[in-house]
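Asker: One structure follows; several queries about it will come next.
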Amino acid sequence: MNSATTIWQAALGEFELQVSRPNFRTWFKDTTALAYDGETFLVGAPNAFVAEYLEKTQCSLIEKTLIGLIHRSVNVRFKVVWATDGETPRPGNDTAALYGFNPRYTFDNFVVGAGNRLAHAAALGVARHVAEATYNPLFLYAGPGLGKTHLLHAIGQEAVRRGQRPVYVSGEQFTREFVEAIRERRADDFRARYRAADLLMVDDIHAIGGKEQTQECFFNTFNELHNAGRQIIITSDRSPREMPLLEERLRSRFAWGLMADIQPPDYETRRAILLARAEDASTELTPDVLEMLAGEARHNIRELEGSLNRIIAYASLLRAEVTTELACQAIKDISPHTTPLTLGAPDLALKLVAQSFALTVDDILGRQRNKEIAQARQVAMYLLKQYGSQSLAEIGHLLGGRGASTVSHACEKISRDMEASPVFRRQVEDIRQKLDSK
């Protein structure tokens, strides 16, 4: 092999087998061979960020692979080949795609409402002042489909536009890459990648719960970045206190900065989301259709948007206008499952909880505090918070005049109990399934 291009094509084949598929696509796929003079191998990178990453974290792997192909020592150098007029191109939307960010998830199309106002303001502040690490870490938590990943991607894209170098990863992917790095003896490269970031963004951090070595690695990475003043942003489906499988030292560090939760959207926010998404799709919704969709107490924005998309597709296939009748027909199969607690359904939830615990609704609403009744009452609070559109104060009032702090404590306790006891989790899930089927 004496052609630089031939050698590099063979090397790319080796890299594809040695690194994860996302890493290969992001860092190796668009590289090229520029020259090889028998001593130095010059690799072309599409931008300065890829070149810097390869030089800092993958150089030993590349040199080792090239030596195996050409059977002699070699020095590897990197050069940006998409630069113009002698300047390195600044990052933009095209560069942001390299980091795995969804271009649709921006601050401009994030609908702000009462339930997400603090999280949005904190995310925007972090994105605009990454170098200052004002809230460090920023910890966003919410149930699925409420916008935490949207905000994470929006922060990342804004940071890229401002010349910062983010590393974005899910908790599951962090675990997988860590295991692969240990198995392939590339722990130094793994650590270097994450610790070279201007900001580290971890989605669904709860996925590392119970994985001791992964938590140890993340703990050390967190400390090094935090001590260096680098921004850390984390999301989860629950607060740190509700993750008993996570080490205490990690939970305490997550509370160092700012924690912001995202609540299910209220009616006004659901209406604003529907209007914005309909406008994006160049679809006009009649007031009746808008009121019908927004009036249903969906606890998940993804499901709300899914219903709208289904209606739009249904109308397009039939070449018909979006009417109330058409909308009802389009979502009839999914509506009962996406809106389990509408109208009088809180009464149904209480009834099902009472049946599950062999109690009466009056027991749950009463003042008795024995262990079984207290737990049933807390499960009712938990389900109403997860599925309903009521505030914590409204749920407390419904459950015998309890305060909002009591409801919040109950929800946190039930989350912990469900993680600790598979039997109890199954009991709560059975109640949830019955709610979904009504």
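Asker: Could you list all residues from the range 179-216 that are of a type in the set (D, E, K, R), crowded, with 17+ Cβ neighbours inside 10 Å and under 19 Å from Met243 (Cα atoms)? Spell out how you get there, then give the answer.
Answerer: Within the range 179-216, the first condition is being of a type in the set (D, E, K, R), and the residues that meet it are 180, 183-186, 188-189, 191, 193, 195, 198, 203-204, 211-212, 216.
Within this subset, residues satisfying the condition of being crowded, with 17+ Cβ neighbours inside 10 Å are 186, 189, 191, 193, 195, 198, 203-204, 211.
Hits for the range 179-216 are Asp203, Asp204, Lys211.
Asker: Condition first: farther than 27 Å from Trp27 by Cα and touching a Pro at 6+ places or on another chain (Cβ under 7 Å). Can you find one or more residues in the range 143-158 that meet it?
Answerer: Yes: one or more hits.
Asker: Another question, if that's okay. Gly257 passes all but one of (1) out of contact with any strand residue (DSSP E or B) (no Cβ under 7 Å at 6 or more places or on another chain); (2) of a type in the set (Gly, Ala, Ser); (3) more than 30 Å from Ser316 (Cα to Cα); (4) surrounded by 15 or more Cβ atoms within 10 Å (Cβ to Cβ); which number fails?
Answerer: Of everything listed in (1) out of contact with any strand residue (DSSP E or B) (no Cβ under 7 Å at 6 or more places or on another chain); (2) of a type in the set (Gly, Ala, Ser); (3) more than 30 Å from Ser316 (Cα to Cα); (4) surrounded by 15 or more Cβ atoms within 10 Å (Cβ to Cβ), Gly257 misses just condition (1).
Asker: Any residue in the range 157-166 that is modelled with pLDDT of 90 or more and touching a Gly at 6+ places or on another chain (Cβ under 9 Å)?
Answerer: No, the conditions are met nowhere in the range 157-166.
Asker: Looking for something surrounded by 15 or more Cβ atoms within 10 Å (Cβ to Cβ), modelled with pLDDT under 90 and at negative phi - is there at least one such residue anywhere in the range 113-121? Working first, answer last.
Answerer: Here is the first cut: in the range 113-121, the ones surrounded by 15 or more Cβ atoms within 10 Å (Cβ to Cβ) are 113, 115-116, 118-120.
Then keep just the ones that are modelled with pLDDT under 90; that gives 113, 115.
With the extra rule that they be at negative phi, the set shrinks to 113, 115.
Yes - at least one qualifying residue is present in the range 113-121.
Asker: Separate question: For the range 132-140, check the following and say yes or no: at least one residue is of a type outside the set (D, E, K, R), assigned to a helix (DSSP H, G or I), in contact with a strand residue (DSSP E or B) (Cβ under 7 Å, 6 or more places away or on another chain) and over 27 Å from Glu55 (Cβ atoms). Lay out the reasoning, then the answer.
Answerer: Just the residues of the range 132-140 that are of a type outside the set (D, E, K, R), to begin with: 133-140.
In the following step, the residues that additionally are assigned to a helix (DSSP H, G or I) were identified as none.
Within the range 132-140, not a single residue is of a type outside the set (D, E, K, R), assigned to a helix (DSSP H, G or I), in contact with a strand residue (DSSP E or B) (Cβ under 7 Å, 6 or more places away or on another chain) and over 27 Å from Glu55 (Cβ atoms).
Asker: May I ask you to list pairs of residues, at least six apart or on different chains, whose Cβ atoms are under 9 Å apart, with the first in the range 146-159 being closer than 16 Å to Leu200 by Cβ and open to solvent by less than 10 Å² (accessible area, probe 1.4 Å) and the second being at pLDDT below 90 and acidic (Asp, Glu)?
Answerer: Correct list of pairs: Ala159/Asp198.
Asker: Given the residues Thr286, Thr269, which is the only one that is open to solvent by 40 Å² or more (accessible area, probe 1.4 Å) and either touching a helix residue (DSSP H, G or I) at 6+ places or on another chain (Cβ under 6 Å) or of a type outside the set (Phe, Trp, Tyr) (or both)?
Answerer: Values: Thr269 fails: open to solvent by 40 Å² or more (accessible area, probe 1.4 Å).
When all the criteria are applied, what remains is Thr286.
Asker: Okay, next question. Starting from the range 8-19, take each residue that is touching a residue at least 12 places away in the same chain (Cβ under 8 Å) and list its partners that are of a type outside the set (Val, Ile, Thr) and not in a helix (DSSP H, G or I), counting only C-beta distances under 7 angstrom and pairs at least six apart or across chains.
Answerer: Listed pairs, sorted by first residue: Trp8/Ala33; Ala10/Met1; Gln18/Glu184.
Asker: With respect to Arg104, determine if the residue is open to solvent by 70 Å² or more (accessible area, probe 1.4 Å), charged (D, E, K, R), at pLDDT below 80 and within 27 Å of the chain's Cα centre (by Cα). Steps first, please.
Answerer: On the way: open to solvent by 70 Å² or more (accessible area, probe 1.4 Å): yes; charged (D, E, K, R): yes; at pLDDT below 80: no; within 27 Å of the chain's Cα centre (by Cα): yes.
The answer is no for Arg104.
Asker: Do you know which residues across the range 303-324 are closer than 18 Å to Asn109 by Cβ and surrounded by fewer than 15 Cβ atoms within 10 Å (Cβ to Cβ)?
Answerer: Correct list: Asn309 only.
Asker: What number of residues within the range 185-221 satisfy the criterion of being within 17 Å of Asp237 (Cβ to Cβ) and assigned to a helix (DSSP H, G or I)?
Answerer: Counting residues in the range 185-221 that are within 17 Å of Asp237 (Cβ to Cβ) and assigned to a helix (DSSP H, G or I) gives 4.
Asker: Somewhere in the range 229-245, is a residue open to solvent by less than 10 Å² (accessible area, probe 1.4 Å), in a helix (DSSP H, G or I) and in contact (Cβ under 8 Å) with a residue 40 or more places away in the chain? Quick ask: steps written out before the conclusion?
Answerer: Our first condition is that a residue be open to solvent by less than 10 Å² (accessible area, probe 1.4 Å); within the range 229-245, this holds for 231-236, 239-240, 243.
Checking which are in a helix (DSSP H, G or I) leaves us with 240.
Now restrict to residues that are in contact (Cβ under 8 Å) with a residue 40 or more places away in the chain: 240.
Yes, because at least one residue in the range 229-245 is open to solvent by less than 10 Å² (accessible area, probe 1.4 Å), in a helix (DSSP H, G or I) and in contact (Cβ under 8 Å) with a residue 40 or more places away in the chain.
Asker: Restricting to the range 159-184, what's the tally of residues that are under 23 Å from Tyr135 (Cβ atoms) and assigned to a loop (DSSP other than H, G, I, E, B)? Please lay out each step first, then the result.
Answerer: The initial filter retains those residues of the range 159-184 that are under 23 Å from Tyr135 (Cβ atoms), namely 159-171, 174.
Those still in the list that are assigned to a loop (DSSP other than H, G, I, E, B) too: 162-165.
Number of matching residues: 4.
Asker: A follow-up question, please. Given the range 272-331, what helices (runs of 4 or more DSSP H) lie entirely inside it while holding 2 or more residues that are free of Cβ contacts under 8 Å to residues at least 60 places away in the same chain and under 25 Å from Lys148 (Cβ atoms)?
Answerer: Values: elements: 287-295, 301-318, 324-330.
In the range 272-331, 287-295, 301-318 are the helices (runs of 4 or more DSSP H) which contain 2 or more residues that are free of Cβ contacts under 8 Å to residues at least 60 places away in the same chain and under 25 Å from Lys148 (Cβ atoms).
Asker: Would you confirm whether or not the range 82-99 contains a residue that is assigned to a helix (DSSP H, G or I), modelled with pLDDT of 85 or more and touching a strand residue (DSSP E or B) at 6+ places or on another chain (Cβ under 9 Å)? Walk me through it before giving the result.
Answerer: To start, the set of residues in the range 82-99 that are assigned to a helix (DSSP H, G or I) comprises 93-99.
Remaining after also requiring modelled with pLDDT of 85 or more: none.
No, that holds for no residue.
Asker: Tell me, which residue of the range 313-347 that is hydroxyl-bearing (Ser, Thr, Tyr) and modelled with pLDDT under 75 is nearest to the chain's Cα centre (by Cα)?
Answerer: Within the range 313-347, the match that is nearest to the chain's Cα centre (by Cα) is Thr338.
Residue by residue, here is whether (1) under 28 Å from the mean Cα position of the chain (by Cα); (2) in contact (Cβ under 8 Å) with a residue 60 or more places away in the chain; (3) surrounded by fewer than 20 Cβ atoms within 10 Å (Cβ to Cβ); (4) under 12 Å from Val353 (Cα atoms) holds:
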{"site": "Tyr382", "(1), (2), (3), (4)": "yes, no, no, yes"}
{"site": "Gly396", "(1), (2), (3), (4)": "no, no, no, no"}
{"site": "Gly401", "(1), (2), (3), (4)": "no, no, yes, no"}
{"site": "Lys413", "(1), (2), (3), (4)": "yes, no, yes, no"}
{"site": "Gln427", "(1), (2), (3), (4)": "yes, yes, yes, yes"}
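Asker: Follow-up question, since we're still on this one. Could you check the range 221-245 and list, in sequence order, the residues that are charged (D, E, K, R) and over 19 Å from Gly125 (Cβ atoms)?
Answerer: First pass over the range 221-245, keeping only residues charged (D, E, K, R): 224, 230, 237-238, 241-242.
Passing the criteria: Glu224, Asp237, Arg238, Arg241, Glu242.
Asker: Would you tally the residues in the range 231-254 being β-branched (Val, Ile, Thr) and within 11 Å of Gly209 (Cα to Cα)? Walk me through how you get there before you give the answer.
Answerer: In the first step, residues of the range 231-254 are kept if they are β-branched (Val, Ile, Thr); the result is 232-235.
Of the ones still in play, those that are also within 11 Å of Gly209 (Cα to Cα) are none.
So the answer is 0.
The values are calculated or read from the model by the stated rules, or taken from the named source; none is laboratory data. In this text the structure is predicted, and so the values were computed from the model without any measurement. A quick note on method: Cβ atoms are made from the backbone with ideal geometry, for glycine too, and the neighbour counts reach across all protein chains shown. The protein model used for the area step is the full one, side chains on, heavy atoms only, and it has no ligands, DNA or RNA in it. Shrake-Rupley method; radii C 1.70, N 1.55, O 1.52, S 1.80 Å.
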